[in-house]
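Visitor: This structure is in structure tokens; I'll ask about it shortly.
The numbers here are math on the coordinates, done by the rules we state, and not lab data. Everything quoted here is computed from the prediction, not taken from an experiment. Here the Cβ positions follow ideal geometry from the backbone for every residue, glycine too, while neighbour counts run over all protein chains shown.
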Amino acid sequence: MLPIAKPAGTVTTKPGRQGNDHFTDLIDATRRSVDRSLGVGSISIGQLDLLEERVLLDRTEYVHRPPVPMLEQLLYDLKEVEAFSQERQPASVQVKLTELTAVLATLIADSLMKLGDLHRSRTWYSTARHASDESGNRDLQARVRVQAAMLPYYYGPLESAVSLARDARIMTRSKPSPTAVFAAVAEARALAQQGNRAGADERVREAQVLFDRLPADANEDAFAFPRRRFLLYLSGVFTAMGRTSQARSVQEEALALYPSHTAIDPALLHLEAALCLAHDRSATEACQLASITYMRVPEAHRTPILGARARRVIDQLPGANASMPRK
């Protein structure tokens, strides 16, 4: 029988059992090393749980803490998430870190919006959208988009606010969830501000049906959507459409549901009540309520976004010159 030639590149070992044993041991040792590299990241399950707890605490504290110290805390926690994300992790861990990145980037963007840093807010919302898309979490993708719609809602253009909220609503596929309700009512509010009453009414009906199918939620969490926040957005819809009676009704109900230490949302509700007074041509009362509301907000929460809403009351007064220069 003729000898069979070995294929090119075949590793040869010296004759004898000792040489073969060494080679097979090397094969097995290399495989075990690769398995360990693939299966073990630099963060343990316990560490990941603790990191998730910190982000959940951020979401809870965000509701009532002033934006400047909150921003510092969010940046610190995101830096740690980023450090773990840059190292090799199992796929499931990497997805979770990407989700945490999207949540923290969204809250950072919202903080910057409150502080009036609009350019940086936009860039951070872009980062949040990128992270949410990388995570593959459909609800998170929708949540980031509807949250990003707040920036153009307050500062323009309104078309972008409508588009982002609509994209988020479509992503939720009208399945009952806090994000689905948020998307529908946020789109309604932006449409109402545009003057599209029919479209706003349709979205309000959809949001109400979805909200009625949700379990009660009184959580203090920036990513929750309890009844008080739902009412806050309905207030914006009815105020924009000049339905002052409906607006006052939801404003009063919402204010009764907010904890005393929540600063921004109750102030926004009072300012919308002032807008209703302006619409009803009660100029003196509107100015007084806007002024009192603004001054009662703790200084750390008295951010540019609150000032912008207060100025809107003045712009809506009968005979007001909206083109007057703003300080």
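Visitor: On a full-extension model of 0.36 nm per residue, what is the gain between Lys79 and Asp315, subtracting their alpha-carbon distance, rounded to one decimal in nm?
Guide: Between Lys79 and Asp315, full extension yields an extra 80.8 nm.
Visitor: Next up: Multiply the residue separation of His261 and Ser44 by 0.36 nm, subtract the distance between their alpha-carbon atoms, and state the gained length in nm to one decimal.
Guide: Here the segment from His261 to Ser44 would lengthen by 74.5 nm.
Visitor: Label Ser163 and Thr284 with points 7 Å out from Cα along Cα→Cβ: what is the distance between them in nm?
Guide: Result: 4.6 nm between the two label points.
Visitor: Which loop trypsin sites (Lys or Arg not before Pro) in segment 49-158, with loop taken from DSSP, have no more than 11 other Cβ atoms within 10 angstrom of their Cβ?
Guide: Those satisfying the criteria are Arg88.
Visitor: Sticking with this one: If each of Ile292 and Arg243 carries a label point 7 Å out from its Cα toward its Cβ, how far apart are those two points in nm?
Guide: For Ile292 paired with Arg243, the spin-label model returns 2.7 nm.
Visitor: A follow-up question, please. For the chain, what does -39500 (n - 2.57) per DSSP helix run (n ≥ 4), summed and divided by total residues, give at 222 nm, in deg cm²/dmol to the nearest 500?
Guide: Mean residue ellipticity at 222 nm (helix-derived): -24000 deg cm²/dmol.
Visitor: Order the peptides 105-111, 275-281 from the highest to the lowest mean number of other Cβ atoms within 10 Å of their residues.
Guide: 105-111, 275-281
Visitor: Given Cα positions, please report Rg to Rh for segment 138-252, the hydrodynamic radius being the Kirkwood one.
Guide: Looking at segment 138-252, the ratio lands at 0.94.
Visitor: In the set [x] 108, 39, 39; [y] 67, 46, 31; [z] 66, 42, 31, which value of Cα extents along the principal axes in Å was calculated from the structure you see?
Guide: Looking at Cα extents along the principal axes in Å for this model, the match is [x].
Visitor: Follow-up. Quote the FRET efficiency, to the nearest 0.05, computed for Arg120 versus Thr24 with a Förster distance R0 of 56 Å and r equal to the Cβ-Cβ distance.
Guide: E between Arg120 and Thr24, to the nearest 0.05, is 0.45.
Visitor: Would you kindly give the portion of the calculated P(r) for segment 48-136 that falls above 19 Å, as a percent of all Cα pairs?
Guide: 36
Visitor: Out of segment 54-99, which GluC sites (Glu not before Pro) are coil in DSSP terms and have no more than 12 other C-beta atoms within 10 Å?
Guide: For GluC sites (Glu not before Pro) across segment 54-99 that sit outside H, G, I, E and B with at most 12 neighbouring Cβ atoms in 10 Å, the list reads Glu87.
Visitor: Right, something else. On a 0 to 90 degree scale, rounded to 10, what angle separates helix 67-85 from the longest Cα axis of the chain?
Guide: 20
Visitor: How big, on average over all directions, is the shadow cast by the Cα convex hull of segment 170-327, in nm²?
Guide: In nm², the orientation-averaged hull projection of segment 170-327 is 9.9.
Visitor: Set the Förster distance to 25 Å, then compute FRET efficiency between Leu56 and Gln208 from the Cβ-Cβ distance, nearest 0.05.
Guide: 0.30
Visitor: So which trypsin sites (Lys or Arg not before Pro) in segment 149-247 pass both tests, a DSSP loop state and at most 15 other Cβ atoms within 10 Å of the Cβ?
Guide: Answer by residue number: Arg173, Arg213.
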